[in-house]
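Shown next, in structure tokens, is the structure this report addresses.
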Amino acid sequence: MLFPIYSIFPNPWQPRTEEDAEHIEALAASILADGLLQEPVGRLCDASGKPVSVREVMTRINDPREIFEKLGCDVQLAFGHSRLAAYRLLDKRCDNGQWGEMPVRIKDISDEEMFRLAVSENIQRRDLTPIEEARAMRRYREEFGKTSREIGELFGISESAVRNKMRLLELPEKVQLYLAGGVITEHFARRLLSVQKILPAERIEYLADEIAANHYDKPEQVDNIIRAVISGEKHIQRLHTYWQNNGKANDLFPLDWESGKINYQVTISDFKKCYRGPAEITLPYQSVLSSEETITLDIEQISLLASAKAEGINAALANQLAEELPEAVEVYNHLKNPPTCSKCPFYLTIAGEGFCGRKVCYERKKARWIELELERVSTETGISIYDPIEDGNQFVQYVSWGELGDYFKSAIQEKSPHLRLKGYAGGNAYTTHTGSPVVQIVSVEPAVIQRAAELESIREDDERWVEEQERQIRNLEEADEYINQIAPIFAGYLFGKWNTGSIEFLIRAIRLGVAVKPGDENYRSEVMTRLGWYLLQCVIGNVRMQGVEATKKYALGLAKEIGLPEERLLSVSVETEAA
């Protein structure tokens, strides 16, 4: 049956958002030469878009044109949108009106059938972008109540693949546009999705910009830029490097350690560092003190109510908040009862390095682990734990040399009652007599404290020298942290196009030790990092002693010399002690 093209409309469930202009041109040329070989299929709808029975319409008309002129019905295509676009193109170019009408086979089709026909046609032609597929899947679930299994049956994929595909819609809009336009691949989009839980949207967008601008096509290139960005975030804690991955968090507690409930208070500051929801929310609330029927909560009030709900206080307002902002309560539950790092959704490995997306949680677990270590060492050695209330605020830390070293050696052998155990949050404490990197021995004996003060006064002339040494060590550590982040960027720029054999030759030539073997999955990315680290340390040298800012300036100069765009380095930041 012929219908005017102005009365034919697309399938409201058509997942494809754009037509291929070249395809429409070719199709129009084919129709012009050979005619329409296959009629599109559609259904009749009234002016509101509600489907109308074909049998009912046919009993009310004598001429097909009355479908539009008398009844005001239109045609909704089930499929055949490209053919309609080709007819409209031919009608626009020809003045004889020959292409003003298009044949459509009319059937009674339900909404769900319309959806399935629209999707099936595009799947067969492989016309859909990953984002269009994801949106179609979500619409099928929301409008027709379908499960992941049923969606997978229509799209020809597994249930898990359906869930993973729909998760692409959680990416920032800008990244979705990049993916829909083919600017970045679905694989790289999924890599960004994996870090979205620990990075804010603007950093995800920055990473997408970097991937697009630099035309990255290798997974290690993407992982290296992600690692560089993650390393500069203040709320993220690095747990291990790829060459120090021993199953422990910074050589302290195991990644699978179950801390149990942590009873330290969760402060508002802790909450703000982890919470990513809205800073303000309005809830329905009727107070006897006010005629207002709603209440607006700021971030601190959200924090207090989330704390109340997490502690089991069954207050009406706290319950409402839990329904509207479950992520707020989740933050408190997470910090009070943290999961093991290895199973935590905020634990991520990138290029072999492990990161914790909630640094506050890591710090709380570390503090709890230090407590348990103090109890363990105290039980094993018989030395009491230091208590500033009972022992006073003054103490002398263990040393192994000089006059004080002789005292500690004797005191430990004789099990002096003046010895105490003290937690050391910095880790790497002297472990000879405690067997723990976070437990150190101190003395609270008054005579020893007085003698230590006398010895300290003798060393006053050397104090400035010590401070300068500490400053240089601190500068060196911060500079090396910066170099660790920019190393893969430099190496990737210099050697990214080298084949594996050439890189292996270079490594042997400079005798660079590498922990991985050729053929391993992370071989190339890890080699690039080590190679960049080695070269930058050789070139930058003692400039590192001047601190991270001087190192940054020098690195930018090097980048300019070799033609590396300096904006690649400007995004890298290091948290310094002064900051």
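The values are calculated or read from the model by the stated rules, or taken from the named source; none is laboratory data. Being a predicted model, the structure only gives us computed values, none of them experimental. Glycine also receives a Cβ, built like all others from the backbone with ideal geometry; neighbour counts cover every protein chain displayed. With ligands, DNA and RNA removed, areas are computed over all heavy atoms of the protein, side chains included. Shrake-Rupley method; radii C 1.70, N 1.55, O 1.52, S 1.80 Å.
Structure notes:
- The calculated FRET efficiency for the pair Ile268 and Glu561, based on their C-beta separation and a Förster distance of 45 Å, comes to about 0.40.
- Dipole of the stretch 464-571 [Lys/Arg +1, Asp/Glu -1 at C-beta], most positive-end residue of Ile562, Ile489, Thr529: Ile562
- Folded to 0 to 90 degrees: helix 359-381 orientation relative to the chain principal axis, Cα: 40
- Farthest towards the positive end of the charge dipole of the stretch 6-93, among the residues Ile61, Ala28, Tyr87, is the Cα of Ile61, using unit charges on the Cβ of Lys, Arg, Asp and Glu.
- Scattering profile of the stretch 82-208 at q = 0.09, 0.19, 0.22 Å⁻¹ [log10 I(q)/I(0), Debye over alpha-carbon scatterers]: -0.38, -1.04, -1.22
- Each peptide in 387-400, 45-58, 204-217, 537-550 receives the mean, over its residues, of other Cβ atoms within 10 Å, and ordering these scores from highest gives 204-217, 537-550, 387-400, 45-58.
- Note on Lys560: aspartates and glutamates with a C-alpha under 19 Å away, same-chain residues under 8 apart excluded, are Glu210, Glu549.
- For the Cα trace of the stretch 279-438, dividing Rg by the Kirkwood Rh returns an Rg/Rh value of 1.19.
- Remark: the chain carries 54 Å² of accessible area per residue (probe radius 1.4 Å; ligands, DNA and RNA excluded).
- Centroid-to-centroid separation of the stretch 27-52 and the stretch 313-381 [C-alpha atoms, Å]: 59
- Using the average count of surrounding beta-carbon atoms within 10 Å as a protection proxy, the listed peptides 161-172, 89-100 rank, highest first, as 161-172, 89-100.
- Pairwise FRET efficiency - Arg149 versus Lys197, Cβ, R0 = 30 Å, nearest 0.05: 0.70
- Rounded to the nearest 0.05, the FRET efficiency derived from the C-beta distance between Glu170 and Gln413 at R0 = 51 Å is 0.25.
- The chain, relative contact order [Cα under 8 Å, separation at least 6], %: 10
- In the chain, a dipole from Cβ-located charges (positive for Lys and Arg, negative for Asp and Glu) runs towards its positive end, and of Phe271, Val162, Gln244 it is Val162 whose Cα lies farthest in that direction.
- Dipole size of the chain about its Cα centre, with +1 on Lys/Arg Cβ and -1 on Asp/Glu Cβ: approximately 1320 debye, rounded to the nearest 20.
- Too-long pairs where the Cα-Cα distance tops 28 Å, listed order kept, from Lys366/Lys552; Lys146/Lys309; Lys261/Lys343: Lys366/Lys552; Lys146/Lys309
- Heavy-atom accessible area with a 1.4 Å probe sorts Thr17, Thr434, largest first, into Thr17, Thr434.
- Descending Cα extents along the principal axes, the stretch 2-125, whole Å: 40, 36, 23
- Neighbours of Glu414, meaning other residues whose beta-carbon lies under 14 angstrom from its beta-carbon, give a summed charge of 0 when Lys and Arg score +1 and Asp and Glu score -1.
- All lysines inside 24 Å of Lys553 as judged from Cα atoms, apart from same-chain residues fewer than 8 positions distant: Lys234
- Two-decimal Rg/Rh across the stretch 379-461, once Rg and the Kirkwood Rh are taken from alpha-carbon atoms: 0.95
- What you get for the stretch 379-461, charging only the Cβ of Lys and Arg (+1) and of Asp and Glu (-1), is a dipole of about 260 debye around the Cα centre.
- Taking Cα centre as origin and charging only the Cβ of basic (Lys, Arg, +1) and acidic (Asp, Glu, -1) residues, the dipole magnitude of the stretch 2-125 rounds to 220 debye.
- Orientation-averaged projection of the stretch 190-296 equals 11.5 nm² [convex hull of Cα atoms, one quarter of hull surface area].
- Model label sites at Lys50 and Lys261, defined 7 Å from Cα along the beta-carbon direction, differ in position by 5.7 nm.
- If the segment from Arg163 to Glu39 were pulled out straight at 0.36 nm per residue, it would be longer than the present Cα-Cα gap by 41.1 nm.
- Between Ile473 and Ala279, the simple label model (points 7 Å from Cα in the Cβ direction) yields a spacing of 4.0 nm.
- Accessible area of Ser571 in the full protein assembly, 1.4 Å probe (Å², nearest 10): 30
- Cα long-axis angle, helix 111-125 against the chain (0 to 90 degrees, to the nearest 10): 80
- Between helix 548-562 and the chain: long-axis angle, C-alpha atoms, 0 to 90°, nearest 10: 50
- Correct choice for percent of Cα pairs over 42 Å apart that was computed from the model, options (1) 29; (2) 24; (3) 47: (3)
- Here the simple spin-label model places points 7 Å from the Cα toward Cβ, and for Asn96 and Ala367 these points are separated by 8.6 nm.
- Aspartates and glutamates with Cα under 16 Å of Lys365, excluding same-chain neighbours fewer than 8 positions away: Asp251, Asp256, Glu258, Asp270, Glu373, Glu375
- Equivalent ellipsoid semi-axes, the stretch 464-571, via Cα gyration tensor eigenvalues times 5, rooted, Å: 28, 17, 11
- Solvent-accessible area of the chain (1.4 angstrom probe, protein heavy atoms only): carbon and sulfur portion equals 49 percent.
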